[in-house]
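Asks: Mind looking over this structure? Questions follow.
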Amino acid sequence: MYFLVKLAYKKISKKYKFDHIFVNSLDHFDKALCLFGDPFCNDNFSGIYVNPKFHLTKYNLGVAGRYNFIAKFFFKRLLLINNLKNILTNDQFFVDYTAKNKFINFKKIKTLHEPREFSHNFKKKYSIKILKLPKDNFFILVYGALKETKGIIELSTALCDNSVNKKVSIILAGDQDKKIKNFLKSNLAKFLIENKKLFIFKGFQNEKEESILFSASDIVWVGYQKKFPFLSGVLYQAAIKKLPIIASSYGIIGWMNRKYKLGFSVDIDNVSLLVKTINKLCNNKIYNSFSPNIIDFSKKINPKFFMGQVNNLLIKKY
């Protein structure tokens with residue numbers, strides 16, 4: 001891929017003059033860059049580093065191993081490329097880690113929130129009708145790639161508790177991995193489905209379906225397990241739709257929620273505490289208390305604001 005990119009760029013740069021190259025993901029490109037150098041004919045470039053991992057053990061997250069040492073070695077070499085002007089990441093831990101450890105050229109690393117938007121807007125009543133959901137329920141949305149790490153089993157267990165608000169239901173939407181498919185065959189899942197406390201929408205959701213699902217929901221679940229310490233685009237989608245979240249108390253998601261106060265953070269393994277948290281969000285006064293924070297945060301991740309950040313970081317104005 002690296003050599004194809006280099007060949008293609010050489011060809012088009014004969015026709016067009018570029019001031020700056022923006023690579024939307026350096027994660028699968030960084031090792032080749034370290035080994036073979038800049039493929040952009042010495043033109044300046046920048047890129048997004050989506051999921052850095054080698055620093056996570058310093059924050060009691062992730063798994064220690066030889067891969068971390070190798071990844072760290074390559075990343076340090078990446079920072080030495082003169083024409084690489086900025087590396088953008090939504091992981092504030094990573095920015096702090098590289099600065100604290102004084103990586104060479106660490107000032108190239110910048111924080112950039114992930115932009116999100118929806119192509120459609122729907123009213124809650126319409127969305128509930130389209131999805132054929134009970135109109136009086138309070139819905140928790142679990143969205144995206146449905147894996148065990150998303151805390152689906154923990155949330156489902158909490159909804160079986162006798163003290164949870166009876167109107168609370170789960171909307172489970174997205175591609176299911178093998179473990180989740182097996183879980184949905186369990187007695188616990190069958191009980192929730194039969195009692196209209198679990199509604200399942202299988203597979204990839206297109207843009208319109210995605211908008212309807214978020215519009216029908218009251219809160220969004222990002223209570224991921226400890227083995228998933230990274231950020232999630234679902235958190236940003238919740239903010240764009242002005243929806244509070246229930247988040248894990250650990251990992252980058254927990255840190256983000258403590259900073260911006262977008263909802264409640266909770267230990268997802270503590271069922272009684274999780275039930276109390278869900279019940280609190282059913283209270284209109286508490287639910288609405290998060291609105292100012294969510295609105296403020298949503299402005300930061302608006303695509304127009306995002307492009308302004310990119311311009312400020314990357315583009316030399318003539």
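Each value in this text was obtained by applying a stated rule to the coordinates, not by laboratory testing. If you're wondering where the values come from, they're calculated on a predicted model, not measured in any experiment. With ideal geometry, Cβ positions are generated from the backbone for all residues, glycine too; neighbour counts draw on all protein chains shown.
Asks: Show me the ranking of peptides 190-202, 258-270 by mean Cβ neighbours inside 10 Å, starting with the highest.
Replies: Top of the packing list down: 258-270, 190-202.
Asks: Want the number for Tyr67 to Cys41: 0.36 nm per residue separation, take away the alpha-carbon distance, what's left?
Replies: So the chain would gain 6.3 nm between Tyr67 and Cys41.
Asks: A further question on this structure: Could you work out the helix-only [θ] at 222 nm for the chain, with each DSSP H run of four or more residues adding -39,500 (n - 2.57) and the total divided by the number of residues, to the nearest 500 deg cm²/dmol?
Replies: Calculated from helices alone, the mean residue ellipticity at 222 nm is -12000 deg cm²/dmol.
Asks: Hey, any idea what Rg/Rh is for the stretch 228-289, computing Rh the Kirkwood way over Cα pairs?
Replies: Reported Rg/Rh, Kirkwood definition of Rh: 0.95.
Asks: Right, here's the next one. From the backbone phi of the stretch 69-76, what are the Karplus-calculated ³J(HN,Hα) couplings (6.51 cos²θ - 1.76 cosθ + 1.60, θ = phi - 60°) in whole Hz, Gly and Pro given as x?
Replies: Going residue by residue, I get 5, 5, 4, 5, 4, 5, 5, 4 Hz, with x marking Gly and Pro.
Asks: Please give the peptides 275-283, 243-251, 162-170 ranked by average Cβ packing (other Cβ atoms within 10 Å per residue), highest first, as a rough proxy for protection.
Replies: 243-251, 275-283, 162-170
Asks: OK, next. Out of every Cα-Cα pair in the stretch 124-300, what percent are more than 23 Å apart?
Replies: That tail contains 34 percent of the Cα-Cα pairs.
Asks: Something else now. Set the bar at 23 Å for Cα to Cα. Now go through Lys125/Lys300; Lys150/Lys178; Lys178/Lys226 and name every pair that lies beyond it.
Replies: Beyond 23 Å between Cα atoms: Lys125/Lys300.
Asks: Using the basic label-point model (7 angstrom from Cα toward the beta carbon), what is the Ser119 to Ala145 distance in nanometres?
Replies: 2.2
Asks: Note down the relative contact order for the chain as a percent, whole number, built from C-alpha pairs under 8 angstrom at least six residues apart.
Replies: This gives 16 percent for the chain.
Asks: Which cross-chain or sequence-distant (5 or more) residues have an amide H under 5 Å from the amide H of Ile170, H modelled 1.01 Å from N in plane?
Replies: Placed amide hydrogens put Ile140, Leu198, Phe199 under 5 Å from Ile170.
Asks: Name the lysines eligible as straight-distance cross-link partners of Lys129: C-alpha to C-alpha under 24 Å, and not fewer than 8 places from it in the same chain.
Replies: Lys166, Lys167, Lys190, Lys196, Lys197, Lys202, Lys208, Lys241, Lys242
Asks: Rounded to the nearest 20 Debye, what is the dipole magnitude of the stretch 124-300 about its Cα centre when Lys and Arg each give +1 and Asp and Glu each give -1 at the C-beta?
Replies: That gives the stretch 124-300 a dipole magnitude of about 300 debye.
Asks: Starting from the Cα-Cα distance between Ile130 and Asn51, subtract it from 0.36 nm times their residue separation and give me the gain in nm to one decimal.
Replies: Length difference between fully extended and current span is 24.9 nm.
Asks: Kirkwood Rh, the stretch 6-91, all Cα pairs: how many Å?
Replies: It works out to 14.1 Å.
Asks: Amide H neighbours of Ser265 under 5 Å, at least 5 residues apart or on other chains, H built in the peptide plane: list them.
Replies: Amide H neighbours of Ser265: Ala247.
Asks: Along its principal axes, what span do the Cα atoms of the stretch 80-179 show, with the longest given first and each in whole Å?
Replies: Its Cα atoms span 58, 33, 27 Å along the three principal axes.
Asks: Inverting the mean 1/r over all pairs of different Cα atoms, compute the Kirkwood radius of the chain and quote it in Å.
Replies: One decimal place: 21.5 Å for the Kirkwood radius.
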